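Presented below is the structure to which this report refers.
The values are calculated or read from the model by the stated rules, or taken from the named source; none is laboratory data. It should be emphasised that the depicted structure is a prediction, and the values quoted were computed from it without experimental measurement. Here the Cβ positions follow ideal geometry from the backbone for every residue, glycine too, while neighbour counts run over all protein chains shown.
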Amino acid sequence: MKVAVLVGSLRRESFSRKTAKTLVTFAPESLTLEIVEIGDLPLYNQDGDDDGKPPIEWTTFRKRIKEYDGVIFVTPEYNRSVPAVLKNAIDIGSRPYGQSVWAGKPGAIVSVSPGAIGGFGANHHLRQSLVFLDMPAMQQPEAYIGGAANLFDAEGKMSNESTREFLRKFVTAFEVWLRTNTASVS
Ligand SMILES: Cc1cc2nc3c(=O)[nH]c(=O)nc-3n(C[C@H](O)[C@H](O)[C@H](O)COP(=O)(O)O)c2cc1C
């Protein structure tokens, strides 16, 4: 099964991206995790769909997401919510009305922050959107990665062993979640 990993930060040295890259390396054999880039998506404007002239970046993104069996969101917290770049990608995938690419796809959330509460606000704002998008969101383990500035070595590799172990367990749990919530998989 294929899993899209969406990263909610465009920052060069993003802790979220480094965390996402670590997750990718922990995928069990039955899963392929791929980071799908969202930084070049034009801002969502419903006129594009209503006029039948959506930007090519939107249609390419929608088509690509449809190919995946599940989605893992790895995101920082901006002002206690989800960064605009990630919300924009979610909004684009959710339209035109009735053609959402998210519906029914199992999802999971990892929030990442240098702060102590690990992006809890972003994590739960995002959960609210996933309810509306009809994406079964993995409940446990919850992933609030705090103190992110101290988890990586000079090369950007996650060096904190207990966080590595936690992320390994997280991906393993997501594999089970994906199987349990994917209609076509027995
Ligand atoms: C616009 C903005 C808002 C932010 N708001 C929060 C916040 O609400 N909570 C938090 O823990 N960190 C906040 N931060 C700090 C980010 O957690 C920090 O910049 C982090 O490194 C961003 O994630 P990244 O490393 O993946 O780019 C904010 C940063 C920016 C730029």
- Note on the structure: All-but-one check, Met135 against (1) of a type outside the set (Val, Ile, Thr); (2) surrounded by 19 or more Cβ atoms within 10 Å (Cβ to Cβ); (3) without any contact (Cβ under 8 Å) to a residue 12 or more places away in the chain, failing number (3)
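A quick yes/no check of all residues on (1) of a type in the set (A, V, I, L, M, F, W, C); (2) over 30 Å from Asn150 (Cβ atoms); (3) within 16 Å of the ligand (Cβ to nearest atom):
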| site | (1), (2), (3) |
| --- | --- |
| Ser100 | no, yes, no |
| Lys105 | no, yes, no |
| Ile109 | yes, no, yes |
| Pro114 | no, no, yes |
| His125 | no, no, yes |
| Leu133 | yes, yes, no |
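Can you tell me which residue is nearest to Thr180 (Cα to Cα) among those in the stretch 84-98 that are within 16 Å of the ligand (Cβ to nearest atom) and either of a type in the set (S, T, N, Q) or over 12 Å from the mean Cα position of the chain (by Cα) (or both)?
Once the filter is applied, the top-ranked residue is Asn88.
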- Failed item in (1) over 15 Å from Asp91 (Cα atoms); (2) within 12 Å of the ligand (Cβ to nearest atom), with Lys2 passing the rest: (2)
- Return yes when Glu13 is within 16 Å of the chain's Cα centre (by Cα), within 16 Å of the ligand (Cβ to nearest atom) and not β-branched (Val, Ile, Thr) and no when it is not. no
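Considering only the stretch 62-91, state which residues are among the acidic types (Asp, Glu) and either surrounded by 24 or more Cβ atoms within 10 Å (Cβ to Cβ) or in contact with a helix residue (DSSP H, G or I) (Cβ under 8 Å, 6 or more places away or on another chain) (or both).
Asp69, Glu77
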- Message: Just checking, does the stretch 131-139 include any residue being modelled with pLDDT of 95 or more, assigned to a loop (DSSP other than H, G, I, E, B), of a type outside the set (Asp, Glu) and on the phi > 0 side of the Ramachandran plot?
- Response: no
- Single residue of the stretch 33-44 satisfying the filter (surrounded by 14 or more Cβ atoms within 10 Å (Cβ to Cβ) and more than 13 Å from the chain's Cα centre (by Cα)) that is farthest from the ligand (Cβ to nearest atom): Tyr44
- Note on the structure: Thr59: passes all of (1) of a type in the set (Val, Ile, Thr); (2) touching a residue at least 60 places away in the same chain (Cβ under 8 Å); (3) surrounded by fewer than 22 Cβ atoms within 10 Å (Cβ to Cβ) but (2)
